[in-house]
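What follows is a set of notes on a single structure, which appears directly below.
The values are calculated or read from the model by the stated rules, or taken from the named source; none is laboratory data. Just so it is clear, the model here is predicted, and its values are computed rather than measured. Positions of Cβ are backbone-derived with ideal geometry, glycine not excepted, and every protein chain shown enters the neighbour counts. For the accessible areas, the whole protein counts, side chains as well, though only heavy atoms, and no ligand, DNA or RNA atoms are used. Shrake-Rupley method; radii C 1.70, N 1.55, O 1.52, S 1.80 Å.
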Amino acid sequence: MSKHFRIAAVGTLALAATLLGGCAAPVVKTYGMDEHFSNSEIMSGSTATADQCGRTPNAVWVEAGQYHECVVYFPSPAFAAGAPIDQTIVFMEGDRLDGKQMAEPQYEKSSPRALTRMAEREQQHSGFPYLVLGRPGTDGSSGNQRVRRTQYETLVVNGALDQIKRKYQIKQFGVVGQSGGGGLVGALISERQDILCGVASSGVTAVKYRIQEKGWTADITGIGTAEVWDPVDQLPRARPMPGFRLFATSDRLDGDVPFDSQQYFIQKAQAAGLPAVQITVHGGGSVHHQTYPIGNKVMADCMKGVPTDTIVARYSGHYVDQKEEAKAFPAQARAEQ
């Protein structure tokens with residue numbers, strides 16, 4: 001069940017203008033299973049209608065405040081059975097635009113089939129129904145990636161989970177995300193009471209702290225601090241369900257999202273009374289940023305009820321198998337923002 005969102009007045013008009021500028025953006029494409037995603041679409045943003053969304057396989061129409069988007073998802077085979085799903089794991093990818101607001105190289109190599117196969121593999125590994133959620137403006141979802149890390153993205157993703165929950169009669173979620181997707185994990189735990197486990201892998205969970213650590217004047221998106229919807233700032237509002245646990249998988253050498261910023265988020269979560277733990281691992285990728293393969297394993301154990309101490313001992317110091325990562329998760333191999 002979602003909480004009532006309180007939309008801050010500061011920056012709302014500027015953000016609305018940015019999004020309304022998307023009225024000139026192309027209508028989002030409905031991709032075939034083997035079609036590669038479009039770089040131009042992700043850079044320009046896209047729009048959708050409720051009617052179009054209703055004809056799109058595995059998509060939900062979200063009406064969140066002033067925002068209306070079609071959010072696609074890529075489900076594992078368990079969702080095809082038609083039976084209610086008690087628990088499911090939701091994965092959110094990292095940012096697909098780089099610091100120059102260009103599509104990252106691997107994005108155009110991905111496809112609906114690749115993400116569906118990822119979901120299928122993770123269901124086999126974990127035993128839980130699993131889906132990959134297309135963040136606004138990516139993977140066939142309408143929207144604008146340029147204004148990620150604002151309340152807009154949290155509103156839309158939260159609304160998409162509400163619709164998916166209703167459609168499949170889901171009772172509990174596990175939410176795991178890489179980098180910018182990990183930031184959404186941090187934001188969602190303050191909005192929902194149906195998340196049993198949250199895992200932020202190399203997550204952008206303390207946006208303003210990261211800006212300061214990097215010596216920037218704004219987020220890498222160009223969004224100023226006044227318009228950032230910072231997950232760490234929302235933690236005092238978190239009222240999670242009984243049994244909830246929160247994990248972060250982090251590499252001390254992470255060149256994209258400083259380890260200290262991830263640690264800061266966990267410390268603030270603990271101060272807010274949340275059961276939160278940071279697990280230090282060795283990430284993949286050129287800047288040690290890819291920790292989501294370990295995050296997926298942590299998530300599976302958390303959902304199975306494995307004790308926290310056991311999970312920490314099991315994965316602390318764990319190395320990401322980069323060859324296996326590239327083979328199993330080709331779409332995510334360079335999401336380093």
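Values as computed for the structure displayed
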read-out: Any hit, region 161-171, residues being under 13 Å from the mean Cα position of the chain (by Cα), over 26 Å from residue 251 (Cβ atoms) and either among the aliphatic types (A, V, I, L, M) or open to solvent by 10 Å² or more (accessible area, probe 1.4 Å) (or both); value: yes
read-out: Some residue of region 71-81 being within 22 Å of residue 130 (Cβ to Cβ) and free of Cβ contacts under 8 Å to residues at least 24 places away in the same chain; value: yes
read-out: The listed residue being on the phi < 0 side of the Ramachandran plot, in contact (Cβ under 8 Å) with a residue 40 or more places away in the chain and not hydrophobic (A, V, I, L, M, F, W, C), out of 182, 127, 140; value: 182
read-out: Residue ID - surrounded by the most Cβ atoms within 10 Å (Cβ to Cβ), chosen from residues in region 54-64 that are closer than 20 Å to residue 157 by Cβ, more than 19 Å from the chain's Cα centre (by Cα) and free of Cβ contacts under 8 Å to residues at least 60 places away in the same chain; value: 57
read-out: Any hit, region 108-128, residues being modelled with pLDDT under 95 and not in a loop (DSSP other than H, G, I, E, B); value: yes
read-out: Unique residue being touching a helix residue (DSSP H, G or I) at 6+ places or on another chain (Cβ under 8 Å) and not small (Gly, Ala, Ser) when the list is 109, 171, 100, 165; value: 109
read-out: Count - residues of region 65-97 that are open to solvent by 10 Å² or more (accessible area, probe 1.4 Å), touching a helix residue (DSSP H, G or I) at 6+ places or on another chain (Cβ under 7 Å) and more than 25 Å from residue 303 (Cα to Cα); value: 4
read-out: Verdict on residue 309 being acidic (Asp, Glu), in a helix (DSSP H, G or I) and open to solvent by 50 Å² or more (accessible area, probe 1.4 Å); value: yes
read-out: Residue in region 291-306 that is assigned to a loop (DSSP other than H, G, I, E, B) and touching a helix residue (DSSP H, G or I) at 6+ places or on another chain (Cβ under 7 Å) present; value: no
read-out: Region 287-305, residues that are of a type outside the set (Lys, Arg) and closer than 16 Å to residue 317 by Cα; value: 288, 289, 290, 291, 292, 293, 294, 295, 296, 298
